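Asks: Below is a structure I'd like to ask you about.
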Amino acid sequence: MIDILLYIVLPYLAVLICIIGSIYRIRKEPMTYSALSSQFLEARGLMWGSLPWHIGISLILIGHILPFLFPGQWNALLSNHAMLLAVEGLGYGLSALCLLGLVVLGARRLISSRIQSVTTTMDLVILLLLLFQVVLGMLTAMRAQYGSMWCTGTTVPYLWSLVTLNPDLSYINDLPHAMKAHIVGAWILVLLIPFSRLIHMFSVPISYLTRPPQNVIWANPRHQKEKAEVFARDEARRHFIKASCGVFGGLVLLSVGALDKIGQFFFGPRLSFSEETELMESKLKRLELTAEQRKLEVERRENEFILVAALKDLDREEGKYFIDYQMQPAIAFKNEAGLPQLISAKCTHLGCTVGNKADKEGRILCPCHVSYFDIKTGTPNQGAPAEAPLPILGWVVLNSKGEVLASRSKTGEINGTIATQDAETAQVFIRRADVTG
Amino acid sequence: MVETQKVDSTEPETGNASTGDTKPALFSFLLERFPIEKMNFHYMVEKKEVPVHRMSWGYYTGGLTFFFFMIQVVTGLFLLFYYQPTVSDAFLSVEYINNHVSAGPLIRNMHAWSSSAMIFFATVHLIVAFAMKSFEKPREITWIVGVLLLFITFTFGFTGYLLPWNQIAVNATKVGLQSIDNLGQYLGPFSHIPVQLRETFQGEASVGQSTLGRFYAMHVVILPLALVALLGLHLFQVQLHGMSKGVDEKTKKTEKFFTAFFFKDLEVWAYAFLALFVLASCIPFESFLPFPLLEPYNALGATPPGIKPEWYFFFVYYPLEMFNFLFIIIASTIVVAILFLTPWIFKGTSRRNLRFIALAVSAYLIVMTIFGEQIYHWWKH
Ligand code: HEM
Ligand code: FES
């Protein structure tokens, strides 16, 4: 019986009185349909009380209305765990903001002598009620976690059942007491709207943000300067409010889209077994390549001769890359006499590695800025960016017993010949003596 | 102040140009650039005003550059968690960021996009400051430090580019460093210096592990420290001397720096962040590079064809390809000298003429950056 009174009769009564009372008051006493500002009596307390309270309560109310209007979408949104945590966290933060605001506002009405004289009993009652509401809300949030989630199965259908004139209390029967008190408190507040300064919520100046700036022009030059300053401050404040809305919206979006991912960024990926194996394999391969490079270097420091290739593997059109004594790339070709032709592959222009495919005129191309080099002489083509010729390297050809068959010195003179029967087994080397001289 | 100035100007007439007399001149020069009486919160923040006129948008370019630098610092620190600066692991660690780390591609993309944005806005900032004559006395130090900051920003780009250690980056860096060598032939007795300089940067005879290590150290420690220090001086000077007026005619309106302009600045930053975030989420930076970025460096392979630096080096790269090297060297030396001496060279130039020069320079930069490749091919044939 008492439940029916509190959760069915009271709501209808409250809404009815609120609507009729508000219309009556706005019609009959339009001048009192405002917040009855006391700013000119005391401004500082107002700033520290009113601002946090209004920011907090507006957003909290939006958070109460959204699930009521769009329960499906709201549920979908909160099924993202990061979003749920963000909404709950925001709820706590904003409630704390409200609490702070209320305490300051209350203290101001009780302590400041100037304000006391314009404070009615109703003002104090409203403040106390609001304080209760906020505390009860926070208690509910702490006791029964994730209210933003369970509300769509309890209070939202309850409210809809009221709206559709088909009241159903079964939805809220099992709610904690704090929550039930929160509901009753809400109806009482609705009921009190027309009898208190709460009525000013019907006159929220939303258009303040979108209307063009208004500058009051004073005829008196002394006022003019002062007003210009007030005007500038007003402009700045509007920018600030808009920017805060933007930043807030942005942060919400960011937390939905990126925050959990970025948290995961630091935690690091946990790869599957096969992924991990694959990664290790590629790491090992890169390490081997690096080791190879190092080995080549050591080899060139220790050995008098370095193997380039087997003579039979050399080709007239497609050269074979190798690393010379200075650890620079070079290319080995075979010339028309069947002898090796070794040429540096480090472009004399800016040091790119020259390509290893000879064109019809027996030239190789540096792709970086297009220089053609003659394989026989190393000279670049006319007008090429490279001016100096590519060095031609010396070589020796050894047979399988390690005897010298033929060689080319640094100065370019060729000694010896290679018999056809040796050509199959002969190997081409470069030697340190050609480099150090 | 006025008195000291008078003393200065009479000094040369007395013909007493010994070192003892230049001291007060230097002293008063510094005193004018660092007026101690203005070094307080009231003067530097509360009282500062920003003129409102048709070039006012120019006042946002510096802030935007700073904003993108902050993005670079944050995303760069993120990347440091996974990046490994060794020849064998660098490439794989970047690939790991890209393929496995949560939000890794986003962070790396933001770093790459925002580096381009930072360089773009730093350049625009310099050009606009030039057009508005913001280097006018007593703002010479602001200008010179600004030019240094621009150079540092470009160096950031150059060093960062090598870090993923992919085929293109290593080869492009080799070419870039090697071109220092070419200077040698014009230096006569000092011809060995460029090679020494290059090897100092490289850390060894050719680009390798030491190079990677040094570039890494520069990119994540030395350059950020240098940039922050110079930026501090730059901003200090800006707040100290207030905004330059920017146009020749008298401006009727100003707005307070704090809070009006400051909030507008924040608003612009918010839009920039939105744009960057959307861009980085949707378009991988690599998709603009017409060559395989994600191919690890291979010391044995031929240089891939078509290597070129990042877009912000096109304005020197293509001329370098087209014209005689000596000509380019002389031209760039002159340009750099002009940049540093701007406050004195253009002392008496009207803003109308400065705007004209700025427009011409911008036209060159835009054309060379967008059509450089076409111009190059056209030139060659
Ligand atoms: C404190 C500041 C910075 C830190 C700690 C930092 C760190 C890094 C790291 C670790 C990398 C390698 C990862 C990768 O290649 O994706 C990198 C790459 C890069 N950085 Fe930075 N950076 C900073 C500032 C800057 C600035 C100011 C710029 C340019 C204006 C810049 C431009 C680049 C570029 C172009 C790359 C190559 C991007 C890529 O290919 O992925 N960085 N940075
Ligand atoms: S590096 Fe070979 S042509 Fe320029």
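Asks: Where in the range B:71-186 are the helices (runs of 4 or more DSSP H), entirely inside, with at least 2 residues that are open to solvent by 20 Å² or more (accessible area, probe 1.4 Å), more than 14 Å from every other protein chain (Cβ to nearest Cβ) and within 10 Å of ligand 1 (Cβ to nearest atom)?
Replies: Passing ranges, in order: B:104-131, B:140-162.
Asks: Looking only at the range A:386-398, decide whether some residue is within 12 Å of chain B (Cβ to nearest Cβ) and of a type outside the set (G, A, S).
Replies: Yes.
Asks: Among the residues of the range A:150-167, how many are surrounded by 14 or more Cβ atoms within 10 Å (Cβ to Cβ), part of a loop (DSSP other than H, G, I, E, B) and over 37 Å from the mean Cα position of the chain (by Cα)?
Replies: So the answer is 1.
Asks: Does the range A:299-318 contain any residue that is more than 14 Å from chain B (Cβ to nearest Cβ), in contact (Cβ under 8 Å) with a residue 40 or more places away in the chain and within 16 Å of ligand 2 (Cβ to nearest atom)?
Replies: Scanning the range A:299-318, I find no residue that is more than 14 Å from chain B (Cβ to nearest Cβ), in contact (Cβ under 8 Å) with a residue 40 or more places away in the chain and within 16 Å of ligand 2 (Cβ to nearest atom), so the answer is no.
Asks: Do any residues in the range B:298-309 that are on the phi > 0 side of the Ramachandran plot have Cβ atoms under 8 Å from those of residues that are modelled with pLDDT of 75 or more and assigned to a loop (DSSP other than H, G, I, E, B), where the two are at least six apart or on different chains, and which pairs are they?
Replies: That search, which allows pairs on different chains as well, returns B:G306/A:P367.
Asks: Something else: Out of the range B:24-59, which residues are assigned to a loop (DSSP other than H, G, I, E, B) and either surrounded by 11 or more Cβ atoms within 10 Å (Cβ to Cβ) or modelled with pLDDT under 80 (or both)?
Replies: Going through the range B:24-59, the residues assigned to a loop (DSSP other than H, G, I, E, B) turn out to be B:34-35, B:39-40, B:47-48, B:53-55.
Scanning the range B:24-59 gives B:F34, B:P35, B:M39, B:N40, B:K47, B:K48, B:H53, B:M55.
Asks: Identify all residues within the range B:337-356 that are assigned to a helix (DSSP H, G or I), under 15 Å from B:V247 (Cα atoms) and open to solvent by 60 Å² or more (accessible area, probe 1.4 Å); write none if there are none.
Replies: Result: B:R352, B:N353, B:F356.
Asks: Just one of (1) away from every other protein chain (no Cβ under 13 Å); (2) in a loop (DSSP other than H, G, I, E, B); (3) at pLDDT below 90 trips up B:D21, so point out which.
Replies: Among (1) away from every other protein chain (no Cβ under 13 Å); (2) in a loop (DSSP other than H, G, I, E, B); (3) at pLDDT below 90, the lone unmet condition for B:D21 is (2).
Asks: Having 2 or more residues that are in the same structural domain as A:L198 (by TED's automatic domain parsing) and polar (S, T, N, Q) is the bar; report the helices (runs of 4 or more DSSP H) wholly within the range A:50-149 that clear it.
Replies: A:71-78, A:113-116, A:121-143
Asks: Any residue in the range B:117-140 that's modelled with pLDDT of 95 or more: show its pairings with residues that are among the acidic types (D, E) at Cβ separation under 9 Å, as long as the two are six or more apart or on different chains.
Replies: B:I119/B:E310
Asks: Out of the residues in the range A:396-419 that are open to solvent by less than 80 Å² (accessible area, probe 1.4 Å) and among the β-branched types (V, I, T), which is nearest to A:F305 (Cα to Cα)?
Replies: Top of the filtered list is A:V396.
Asks: Answer with yes or no whether B:L274 is touching a strand residue (DSSP E or B) at 6+ places or on another chain (Cβ under 8 Å) and either part of a loop (DSSP other than H, G, I, E, B) or at pLDDT 85 or above (or both).
Replies: Taking the combined requirement at face value, the residue does not satisfy it.
Asks: Do we have any residue at all in the range B:219-238 that's on the phi > 0 side of the Ramachandran plot, more than 14 Å from chain A (Cβ to nearest Cβ) and buried (at least 18 other Cβ atoms within 10 Å of the Cβ)?
Replies: No, the range B:219-238 contains no residue that is on the phi > 0 side of the Ramachandran plot, more than 14 Å from chain A (Cβ to nearest Cβ) and buried (at least 18 other Cβ atoms within 10 Å of the Cβ).
Asks: B:P309: within 14 Å of chain A (Cβ to nearest Cβ), under 23 Å from the mean Cα position of the chain (by Cα) and not in a helix (DSSP H, G or I), yes or no?
Replies: Against the criterion (within 14 Å of chain A (Cβ to nearest Cβ), under 23 Å from the mean Cα position of the chain (by Cα) and not in a helix (DSSP H, G or I)), B:P309 qualifies.
Asks: Answer yes or no as to whether B:Q196 is modelled with pLDDT of 90 or more and surrounded by fewer than 15 Cβ atoms within 10 Å (Cβ to Cβ).
Replies: Yes; evaluated as a whole, the condition is true for this residue.
Asks: Filter the range A:362-400 down to residues that are under 30 Å from A:A419 (Cβ atoms) and within 15 Å of ligand 2 (Cβ to nearest atom), then give me how many there are.
Replies: Residues that pass the stated criteria total 4.
Asks: Could you say which residue among B:P309, B:P284, B:P305 is open to solvent by 50 Å² or more (accessible area, probe 1.4 Å) and within 16 Å of ligand 2 (Cβ to nearest atom)?
Replies: It is B:P305.
Asks: Might you check whether a residue that is open to solvent by less than 20 Å² (accessible area, probe 1.4 Å), away from ligand 2 (no atom under 16 Å from the Cβ) and within 14 Å of chain B (Cβ to nearest Cβ) occurs anywhere in the range A:326-336?
Replies: Yes; the residues of the range A:326-336 include at least one that is open to solvent by less than 20 Å² (accessible area, probe 1.4 Å), away from ligand 2 (no atom under 16 Å from the Cβ) and within 14 Å of chain B (Cβ to nearest Cβ).
Asks: Let me spell it out: the conditions are (1) in contact with a Phe, Trp or Tyr (Cβ under 6 Å, 6 or more places away or on another chain); (2) surrounded by 18 or more Cβ atoms within 10 Å (Cβ to Cβ); (3) of a type in the set (A, V, I, L, M, F, W, C), and A:A426 meets all of them except one. Which number is the exception?
Replies: Single failed check for A:A426: (1).
Asks: For residues in the range A:347-362 being more than 9 Å from chain B (Cβ to nearest Cβ) and buried (at least 19 other Cβ atoms within 10 Å of the Cβ), which is modelled with the highest pLDDT?
Replies: A:A358
The values are calculated or read from the model by the stated rules, or taken from the named source; none is laboratory data. Note that the structure is a prediction, hence the values are computed from the model and not measured. When we count neighbours, we look across all protein chains shown, and the Cβ atoms used for this are built from the backbone with ideal geometry, even at glycine. Side chains included, ligands, DNA and RNA excluded: accessible areas come from the protein's heavy atoms. Shrake-Rupley method; radii C 1.70, N 1.55, O 1.52, S 1.80 Å.
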